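The values are calculated or read from the model by the stated rules, or taken from the named source; none is laboratory data. Treat the numbers as computed from the prediction; the structure is a model and nothing was measured. For neighbour counting, all protein chains shown are included, and Cβ atoms are generated from backbone atoms with ideal geometry for every residue, glycine included. These accessible areas exclude ligands, DNA and RNA; they are computed on the full protein's heavy atoms, side chains included. Shrake-Rupley method; radii C 1.70, N 1.55, O 1.52, S 1.80 Å.
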Amino acid sequence: MSQFPKLRLRRLRQSKNTLALWQETTLTVDDLIAPLFVVTGKGIKNPIEALPGQFQFSVDEVVKEVTLLDSLGIKAVLLFGIPSDKDAIGSASWQDDGIVQQVTRAIKKACPALIVIADLCFCEYTDHGHCGVLDGSSVDNDKTLENTRLQALSLAAAGVDVIAPSGMMDGVVSVIRQALDNEKFTQTGIMAYSAKFASSFYGPFREAVNSTPSFGDRKSYQMNIGNRREAMREIEADIQEGADMIMVKPALSFLDVIHEARQQFDCPIVAYNVSGEYSMIKFAAEKGLIDGNAMMREVLLSMKRAGADAIITYFAKEMAESF
Ligand code: PBG
């Protein structure tokens, strides 16, 4: 009978209990960060067509939503502001009564323990949709950093726990860290969008926040999708500049980058399961082509398995509800 196998890995798969016991990677509610879109006004909960199940919330409505997320065990939210007024430099992003600043104060009042992370960028606030101050047709790195300092301090003063710069400007982490420390915001953290690729998966997000660039693209600041080694250089620079955690974005088409970062770095790694990754599952599920819930679990688990410690995902609430 020597032709039969001695090694029988199927023993590990014989029952639900053996499967559960030997599962190497698991997903828990502690892994999830919920992104939220916030707008000025009152009583607003606008469905976002490109992101089924996601909304633009006004301050009062977002408080109800975070109270629910908090009760589901979610530990952190990531805020994106949609201002009522845009200008060439994005000055609405650093006003004391800015949308994210207002929402942060309201959330901290309602759910003091919930970790508030704020995306720090300018594309939602500029009338041209680029992520900083323009010099001709390109984004001026250092002029953008000047305004970054203003936005970071304004967010910290409003009570944001963690600032997440997503504009891919060189030196952004050290500028924020220095500004925060000078003003005694030593406990405000930095989650760096270190390896953020110039991806086509951001389309639905740009629709949600109306930030599609009015000309050109973001390829002079976001990373070339073909580059993994360069991603490691970006991550290393951000850690040296003082980032508390680093991010790889998008996640699904960059699992190798997450894995490589896990091998090389010991700091927390966050995967961003971006808008296009979410929408394609939602729309395929709506068409009845796939089992949306199972696919959600599979892609989120793949990000953990690749080495992520936490996942920013529009599925956060749905996943938390289905544990
Ligand atoms: C802002 C920003 C973007 C996303 C997060 N922060 C858009 C972009 O870079 O164009 C994308 C998130 C998503 O697609 O879910 N710079």
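Check the range 209-217 and report whether any residue there is open to solvent by less than 10 Å² (accessible area, probe 1.4 Å), at pLDDT below 95 and either within 13 Å of the ligand (Cβ to nearest atom) or touching a Phe, Trp or Tyr at 6+ places or on another chain (Cβ under 6 Å) (or both).
The answer is yes, given that some residue of the range 209-217 is open to solvent by less than 10 Å² (accessible area, probe 1.4 Å), at pLDDT below 95 and either within 13 Å of the ligand (Cβ to nearest atom) or touching a Phe, Trp or Tyr at 6+ places or on another chain (Cβ under 6 Å) (or both).
Considering only the range 131-175, state which residues are hydroxyl-bearing (Ser, Thr, Tyr) and either farther than 18 Å from Val77 by Cα or part of a helix (DSSP H, G or I) (or both). Selection gives Ser137, Ser138, Thr144, Thr148, Ser154, Ser174.
For the condition away from the ligand (no atom under 16 Å from the Cβ) and touching a Gly at 6+ places or on another chain (Cβ under 6 Å), Asp256 does not qualify. Scanning for something away from the ligand (no atom under 16 Å from the Cβ), open to solvent by 70 Å² or more (accessible area, probe 1.4 Å) and farther than 22 Å from Ser194 by Cα, does the range 124-138 turn up at least one residue? Checking the range 124-138: at least one residue is away from the ligand (no atom under 16 Å from the Cβ), open to solvent by 70 Å² or more (accessible area, probe 1.4 Å) and farther than 22 Å from Ser194 by Cα.
Annotation: Gly292 fulfils all but one of (1) of a type outside the set (Phe, Trp, Tyr); (2) in contact with a strand residue (DSSP E or B) (Cβ under 7 Å, 6 or more places away or on another chain); (3) more than 13 Å from the ligand (Cβ to nearest atom); (4) open to solvent by less than 20 Å² (accessible area, probe 1.4 Å); the unmet one is (2). Within the bounds of the range 93-109, is there any residue that is open to solvent by 30 Å² or more (accessible area, probe 1.4 Å) and in contact with a strand residue (DSSP E or B) (Cβ under 6 Å, 6 or more places away or on another chain)? The answer is no, given that none of the residues of the range 93-109 is open to solvent by 30 Å² or more (accessible area, probe 1.4 Å) and in contact with a strand residue (DSSP E or B) (Cβ under 6 Å, 6 or more places away or on another chain). For the range 167-199, the candidate set comprises residues that are among the acidic types (Asp, Glu) and in contact with a helix residue (DSSP H, G or I) (Cβ under 8 Å, 6 or more places away or on another chain); within that set, the residue that is farthest from the ligand (Cβ to nearest atom) is Glu183. From the list Ile117, Ile48, Ile74, Ile89, the lone residue that is more than 26 Å from Ala157 (Cα to Cα) and either in contact with a His (Cβ under 6 Å, 6 or more places away or on another chain) or at pLDDT 95 or above (or both) is Ile48.
Taken together, the residues in the range 77-92 that are open to solvent by 10 Å² or more (accessible area, probe 1.4 Å) and either among the small types (Gly, Ala, Ser) or closer than 22 Å to Asn46 by Cβ (or both) amount to 8. Here Pro250, Pro268 are screened, and the one residue that is within 13 Å of the ligand (Cβ to nearest atom) and either under 26 Å from Arg228 (Cβ atoms) or surrounded by fewer than 22 Cβ atoms within 10 Å (Cβ to Cβ) (or both) is Pro250.
Need a quick list: helices (runs of 4 or more DSSP H) entirely within the range 196-305 having at least 3 residues that are without any contact (Cβ under 8 Å) to a residue 12 or more places away in the chain.
229-241, 275-286
Kindly indicate whether any position in the range 139-148 is among the hydroxyl-bearing types (Ser, Thr, Tyr) and either away from the ligand (no atom under 14 Å from the Cβ) or surrounded by fewer than 16 Cβ atoms within 10 Å (Cβ to Cβ) (or both). Walk me through it before giving the result.
Of the range 139-148, the ones among the hydroxyl-bearing types (Ser, Thr, Tyr) are 144, 148.
Subset that is either away from the ligand (no atom under 14 Å from the Cβ) or surrounded by fewer than 16 Cβ atoms within 10 Å (Cβ to Cβ) (or both): none.
Looking for residues that are among the hydroxyl-bearing types (Ser, Thr, Tyr) and either away from the ligand (no atom under 14 Å from the Cβ) or surrounded by fewer than 16 Cβ atoms within 10 Å (Cβ to Cβ) (or both), one finds none in the range 139-148, hence no.
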